[in-house]
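Scroll down for the structure; my scribbles are underneath it.
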Amino acid sequence: MTAVVAVDAIAKRFGAVAAVDEVTLGVAEGEFFALLGPSGCGKTTLLRLIAGFERPDTGRVLLDGRDITAIPPNRRPVNMMFQSYALFPHMSVSGNVSYGLEMEGMKGPERSRRVAEALDLVRLGDLAKRRPDQLSGGQRQRVALARALIKRPRALLLDEPLAALDKKLRGEMQVELKRLQHETGIAFLVVTHDQEEALAMADRIALMQDGRVAQMDSPRALYERPANRFVAGFIGLMNFFEGRAAAGGVEVEGLGLLKAEGGQSGEAATLAVRPERLRVHLAPISSESANTLAGTVVDISYLGQDQLVRVRVAGQSTPVMARVASATDVAARVTLGRKVWCEWPPEDGRVLLT
Amino acid sequence: MLKAPLSRRVLGAHLGLVYLFLYGPIAVLVALSFNESGLPTAWTGFSVEWYGKMLANAAIRAAVVNTLIVAAFSTLIATAIGTLLALGMERLRSSAAMDAAIYMPMIIPDIVLAIALLSFFTALDFTLGLHSIIAAHAVFNIAFVCVVVRATLKHFDKSIVEASIDLGASESRTFLRITLPVIFPGVLSGALLAFTLSVDEFIIAYFTAGAGPSSTTFPMQIYSMIRFGVTPEINAVATIVLGVSFVLILVSQRLRRDEPL
Amino acid sequence: MSELTRRLVLLGPGLAWFALFLVAPCAIVFVYSFLERGTYGGIDRVFTLENYTRAADPLYLGIFISSARIAAMTTLAALLFGYPAAYGIAAAPKRWQVPLLILVMLPFWSNYLIRTYAWIVLLNREGLINHGLEVLGLADEPLPLLYNDFAIVVGLVYGYLPFMVLALYSSIARLNPETLEASADLGASGLRTFLRVTLPLTVPGIAAGCVFVFVLSIGNFITPDLLGGGRTLMVGNLIFNQFLSARDWPFGSGLAFLLIALMMLLLLVQAVVARRAGGAGLHA
């Protein structure tokens, strides 16, 4: 299947900085795709290259397989929702929403019908006469969505769509964006720096670092099978044990062999384990099959459902993190300074070659 | 900022004095314009006689017409060019050199600009008249309009221009439908300021007007009234001129709503 | 449209206007300042440095010095009078600040001739102030308030105080109130906080205000002409006379160029001061 929008080995430099460095990716029909990464990783530049606001130094932008690199932004059948929403302050809500159709030369009842439809879609039908400065942040965002969606673009580009909203509203709008995407069937390409947002909304995520795609995968794969150290550290919390890959695991100085799948070569390697994969015991355990580490509790952070226990292990500069469900006996009895034993099965660790 | 009530009161009193200093002399002129005797020392009764005399003065009327012509055209030119200049400067990565160029006509002593323009027009054998005053006034007015419009552009969200293009508008359409309407209050504010400055400008007009009453502007008329025989009529003229300037400047400020210039 | 075309369309007209009606005229003045005066008031195309050496003649040097003295007194008075005013505005409740500032600036933008004329009415021998002093019995005979340096300084301060206040205000208003609170918290008295924190941090505003008031004053023509009564000649009047009565354009041009050079020098000083202090230049 051809992607709706795709970039092919696209690159863009600003002076000495490679903002986007030979990126190739495609968004499928009806897909919710997220570009995730820290600020300055090139994700917004990539979005602007697709919208046509930046010209690539090399590479192509493709729409349904057709090269649109040379087409100016006002003639590309993709639309953008700006981070600031970029509503026209001197026009009413309906003026903003109908603007795109007006530019297509559409007039009269057909246009009014489409505007009403778009406003209904974002549930703003009764605010059509208002001006942007009379709207709340969430309402403005809906106007921006309606304004972009009314053009029925092949793909909608969203630049940090939720960044300007407060936390509670953000959660609601995540659901709303998914609903809109589902109802319209338009491919969404969203840029975000917020991993939770990306994990919650996207079908697929491209995690970017320094202008390149570090990993492109489903949210689950990204979380559970990070391809490298950067991905593992960026998404969620992670324990890292530095050492050398050996048969059956990773050899870590001071801790011996930590068993894991995929160790082999003898090269430098890191074993990565999620804190929720660690089980904490208050008494020594010995297990042939699992990995065990003994240490002292140095911090307990209460997170509600869980608590995060940090355990200082001899030879490790950073404490090992373990997530303990609050409603357990262990959680009730663990205290600062107490000696504990952490355990995890080999298949829960992941060997990352560095 | 200041907590101590004593220092606050002292500052307040001082500020009051400053306003008295600034507006006292103006108030005196306004009062005098309604004094029947026209003398500053004796109030002989309320009268609008001096306003009548002023209106009956053909030289004043002709000068006012000239000034309005000069101000209207120089404002028109300066508003168009100054706005473009401001928009252009927004596109420069570093505008330090341009900033300096813009401030030049604002701070160069009027007398220097006046003699320079006189030398220039004479060297080119250019016939002096209202048109040369218009060209001269446009020089500093372009600078002022540019500064005012730039202040407006500071609050201008450039992504609305991209949004318009993204929605299918061409560049020229975006300019007419989006950029211009949004910055319009700033443009109008600059235009009003330019108009006021042109109406009030004396020295440059004096040097670039050429000989003869056909291009005498209102400030030139006022200068000769002050210089060669003060008649009480001038108080009426002063009141009208200050009143008109104040209104124009207040409207200009109101349109901008941000920091005053 | 390419970015270059765009810039050309936007910047072109303005730059062309400045080139034609500002740069070219100034260039002509610069050239004239090195030429000789013609017998009948025209220009003779003969190179000379005489216009500049003549400016160093005690007669003209004296005018430069007295102009500078008057401009300096004006600047000092405007600073002393303007600083507390600007501070007062910055200390006022936020929503009052802009209206208060507009009230200061309003006269600045209105007719300078008329505002100068107002002081003739006030300072005249038969003027309001002398009349008032007489009525109150404070003076037996009218004080010579008009047509002297005092009148010129008063007129110039009146003209440019608003500008000084604006420059100072934009500097003072940018102070972070927490730095003042921090100073107080660290044990400094109000006065010491002012001297050690407020004043140094507002140096850019002081420099900008002073340089501009000085430049505007020294090149002024109207105030010395109307309030000085022709007794005190300032550089502005001297240039005026060279062009309109003495008809010695080359010498007038030389004087104008010296004025511009002085102005540039002061602006440079101001820019350096502003940069040192970490602030920006003029924020009008």
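The values are calculated or read from the model by the stated rules, or taken from the named source; none is laboratory data. Not measured: the values here are computed from a predicted model. Backbone-built Cβ (ideal geometry, glycine too); neighbour counts: all protein chains shown.
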Name the one entry in B:I249, B:I222, B:I240 that is more than 8 Å from every other protein chain (Cβ to nearest Cβ), at pLDDT 90 or above and on the phi < 0 side of the Ramachandran plot. B:I240
Only residues that are assigned to a loop (DSSP other than H, G, I, E, B), out of contact with any helix residue (DSSP H, G or I) (no Cβ under 6 Å at 6 or more places or on another chain) and within 20 Å of A:L25 (Cα to Cα): list them for the range A:45-97, please. A:R55, A:D57, A:D64, A:G65, A:I68, A:T69, A:A70, A:I71, A:R76, A:P77
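Residue-by-condition table, conditions (1) out of contact with any Asp or Glu (no Cβ under 9 Å at 6 or more places or on another chain); (2) surrounded by fewer than 17 Cβ atoms within 10 Å (Cβ to Cβ); (3) more than 25 Å from B:M220 (Cβ to Cβ):
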site: B:T44; (1), (2), (3): no, yes, yes
site: B:I60; (1), (2), (3): no, no, no
site: B:A86; (1), (2), (3): yes, no, yes
site: B:E90; (1), (2), (3): yes, yes, yes
site: B:M98; (1), (2), (3): yes, no, yes
site: B:L118; (1), (2), (3): yes, no, no
In the range B:136-162, what count of residues is obtained for those that are crowded, with 18+ Cβ neighbours inside 10 Å, at the interface with another protein chain (Cβ under 8 Å from one of its Cβ atoms) and either touching a residue at least 40 places away in the same chain (Cβ under 8 Å) or not in a helix (DSSP H, G or I) (or both)? 5
When residues of the range B:163-182 are filtered for being among the hydrophobic types (A, V, I, L, M, F, W, C) and either buried (at least 20 other Cβ atoms within 10 Å of the Cβ) or within 7 Å of chain A (Cβ to nearest Cβ) (or both), how many remain? 6
What are the residue pairs meeting all of these: first residue in the range A:114-133, first residue surrounded by 17 or more Cβ atoms within 10 Å (Cβ to Cβ), second residue part of a helix (DSSP H, G or I) and modelled with pLDDT under 90, Cβ atoms under 6 Å, and 6 or more apart or on different chains? A:L119/A:G125
Collect the residues in the range C:185-209 that are part of a helix (DSSP H, G or I) and farther than 18 Å from C:P84 by Cα, keeping them in residue-number order. C:D185
Condition met for B:L87 (at the interface with another protein chain (Cβ under 7 Å from one of its Cβ atoms), closer than 29 Å to C:E3 by Cβ, in contact (Cβ under 8 Å) with a residue 60 or more places away in the chain and not polar (S, T, N, Q)): yes
Selection over the range A:98-138 where residues are more than 23 Å from A:R170 (Cα to Cα), assigned to a helix (DSSP H, G or I) and within 14 Å of chain B (Cβ to nearest Cβ) yields a count of 9
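Results for (1) in the same structural domain as A:L46 (by TED's automatic domain parsing); (2) not in a loop (DSSP other than H, G, I, E, B), shown as yes or no for each residue.
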site	(1), (2)
A:R220	yes, yes
A:R244	no, yes
A:L258	no, yes
A:G266	no, no
A:A272	no, yes
Only one of these conditions is not met by B:I26: (1) within 11 Å of chain C (Cβ to nearest Cβ); (2) more than 26 Å from C:I102 (Cβ to Cβ). Which number is it? (2)
Filter pass, C:P224 being within 22 Å of C:L79 (Cβ to Cβ), surrounded by fewer than 20 Cβ atoms within 10 Å (Cβ to Cβ), touching a residue at least 60 places away in the same chain (Cβ under 8 Å) and not basic (K, R): no
Looking only at residues in the range C:72-128 that are facing another protein chain (nearest Cβ under 9 Å) and charged (D, E, K, R), which one is farthest from C:V235 (Cα to Cα)? C:E126
Of the residues in the range B:114-135, how many are facing chain C (nearest Cβ under 7 Å) and either within 19 Å of B:A72 (Cβ to Cβ) or not in a helix (DSSP H, G or I) (or both)? 1
I'd like to check which strands (runs of 3 or more DSSP E) are fully inside the range A:289-349 and have at least 1 residues that are over 28 Å from the mean Cα position of the chain (by Cα) and closer than 28 Å to A:V250 by Cα. A:291-302, A:306-312, A:339-344
Checklist (1) more than 13 Å from the chain's Cα centre (by Cα); (2) of a type outside the set (D, E); (3) facing chain B (nearest Cβ under 9 Å) applied to C:G219, failing item: (1)
Residue count for the range B:2-36, restricted to those that are loosely packed, with under 15 Cβ neighbours inside 10 Å and modelled with pLDDT under 80: 4
Here's a check for you: in the range C:166-184, which residue that is in contact (Cβ under 8 Å) with a residue 12 or more places away in the chain and outside any helix (DSSP H, G or I) is surrounded by the most Cβ atoms within 10 Å (Cβ to Cβ)? C:A173
Matching entry among A:S317, A:S301 (being without any contact (Cβ under 8 Å) to a residue 12 or more places away in the chain, closer than 24 Å to A:G233 by Cβ and in contact with a strand residue (DSSP E or B) (Cβ under 6 Å, 6 or more places away or on another chain)): A:S301
Being at pLDDT 95 or above and facing another protein chain (nearest Cβ under 7 Å) narrows it down to one of B:I107, B:I81, B:I77, B:I111, so name that one. B:I81
